[in-house]
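Colleague: My questions all concern the structure below.
The values are calculated or read from the model by the stated rules, or taken from the named source; none is laboratory data. Everything numeric here is computed off the predicted structure, so don't read it as measured data. Every residue, glycine as well, gets a Cβ built from its backbone with ideal geometry; the counts of neighbours run over all protein chains shown. Side chains are part of the model used for accessible areas, which takes the heavy atoms of the whole protein and leaves out ligands, DNA and RNA. Shrake-Rupley method; radii C 1.70, N 1.55, O 1.52, S 1.80 Å.
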Amino acid sequence: QVQLVESGGGLVQPGGSLKLSCEASGSIHTLYVMGWYRQTPGKERDLVATITNGGTPTYADSVKGRFTISVDNIKKMVDLQMNRLTVEDTAVYYCYLRQPGPEYWGEGIQVTVSS
């Protein structure tokens, strides 16, 4: 029913920037929440940032002031601009879609912050 396509991961130095994108296709409800979670080995998957179809964002305290999430409600695409990255941001990032009915997850994309 729904496919999530992620892009934009990679390797960056501390203090640098990356942008993640996720585009949803298929049968998307009028009301939805999209965003990003992240996970490192041995830890639970944690919220990074989400945004509603209407543009209302939610951020984890650890990324407030550094990350910015935005939504294109026509393309059903979310962008996550990540600035001033630190080694603590290294993780596999997963795109997320919540709507009436089942939740959907992307396959995950690696972000590595290292000098």
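Colleague: Would it be correct to say that K19 is open to solvent by 80 Å² or more (accessible area, probe 1.4 Å), in contact (Cβ under 8 Å) with a residue 60 or more places away in the chain and among the basic types (K, R)? Full working, then the answer.
Modeller: On the way: open to solvent by 80 Å² or more (accessible area, probe 1.4 Å): yes; in contact (Cβ under 8 Å) with a residue 60 or more places away in the chain: yes; among the basic types (K, R): yes.
Yes: the conditions hold for K19.
Colleague: Select the strands (runs of 3 or more DSSP E) contained entirely in the stretch 1-48, then report the ones holding at least 1 residues which are out of contact with any helix residue (DSSP H, G or I) (no Cβ under 6 Å at 6 or more places or on another chain) and β-branched (V, I, T).
Modeller: Per the criteria, 2-7, 10-12, 33-39.
Colleague: To continue, here is another question. Do you know which of the residues in the stretch 49-60 that are small (G, A, S) and outside any strand (DSSP E or B) is modelled with the highest pLDDT?
Modeller: Among residues in the stretch 49-60 that are small (G, A, S) and outside any strand (DSSP E or B), the one modelled with the highest pLDDT is A60.
Colleague: Another question about this same structure. Residue by residue through the stretch 37-47, note down the ones that are of a type outside the set (S, T, Y) and touching an Asp or Glu at 6+ places or on another chain (Cβ under 9 Å). Quick ask: steps written out before the conclusion?
Modeller: The first filter runs over the stretch 37-47 and keeps only residues of a type outside the set (S, T, Y), leaving 38-39, 41-47.
Within the stretch 37-47, R38, Q39 meet the criteria.
Colleague: From the list T56, T30, which one is under 18 Å from Q99 (Cα atoms) and either among the aliphatic types (A, V, I, L, M) or without any contact (Cβ under 8 Å) to a residue 12 or more places away in the chain (or both)?
Modeller: Checking each option against the conditions leaves just T56.
Colleague: Within the stretch 73-90, how many residues turn out to be out of contact with any Pro (no Cβ under 7 Å at 6 or more places or on another chain), at pLDDT 95 or above and on the phi < 0 side of the Ramachandran plot? Explain how you work it out, then say what you get.
Modeller: Within the stretch 73-90, the first condition is being out of contact with any Pro (no Cβ under 7 Å at 6 or more places or on another chain), and the residues that meet it are 73-84, 88-90.
Of the ones still in play, those that are also at pLDDT 95 or above are 77-84, 88-90.
With on the phi < 0 side of the Ramachandran plot added as a condition, the list becomes 77-83, 88-90.
So the answer is 10.
Colleague: The conditions are (1) modelled with pLDDT of 95 or more; (2) open to solvent by 30 Å² or more (accessible area, probe 1.4 Å), and P41 fails exactly one of them. Which is it?
Modeller: (1)
Colleague: Please work out which residue is nearest to K76 (Cα to Cα), limiting yourself to the stretch 22-38 and to residues that are aliphatic (A, V, I, L, M) and surrounded by 14 or more Cβ atoms within 10 Å (Cβ to Cβ).
Modeller: A24
Colleague: May I ask you to verify whether V48 is closer than 29 Å to S114 by Cα, of a type in the set (A, V, I, L, M) and open to solvent by less than 20 Å² (accessible area, probe 1.4 Å)? Step through it out loud before you land on a result.
Modeller: Values: closer than 29 Å to S114 by Cα: yes; of a type in the set (A, V, I, L, M): yes; open to solvent by less than 20 Å² (accessible area, probe 1.4 Å): yes.
Considered against the rule, which asks whether it is closer than 29 Å to S114 by Cα, of a type in the set (A, V, I, L, M) and open to solvent by less than 20 Å² (accessible area, probe 1.4 Å), V48 comes out as yes.
Colleague: Suppose we filter the stretch 66-115 for residues that are assigned to a loop (DSSP other than H, G, I, E, B), closer than 17 Å to G55 by Cα and open to solvent by 40 Å² or more (accessible area, probe 1.4 Å); how many remain? Break it down stepwise before answering.
Modeller: If we filter the stretch 66-115 for residues that are assigned to a loop (DSSP other than H, G, I, E, B), which is where we start, we get 66, 73-76, 83-86, 90, 99-103, 106-108, 114-115.
Going one step further and asking which of them are closer than 17 Å to G55 by Cα, we end up with 73-76, 99.
From what's left, open to solvent by 40 Å² or more (accessible area, probe 1.4 Å): 73-76.
Matching residues across the stretch 66-115 total 4.
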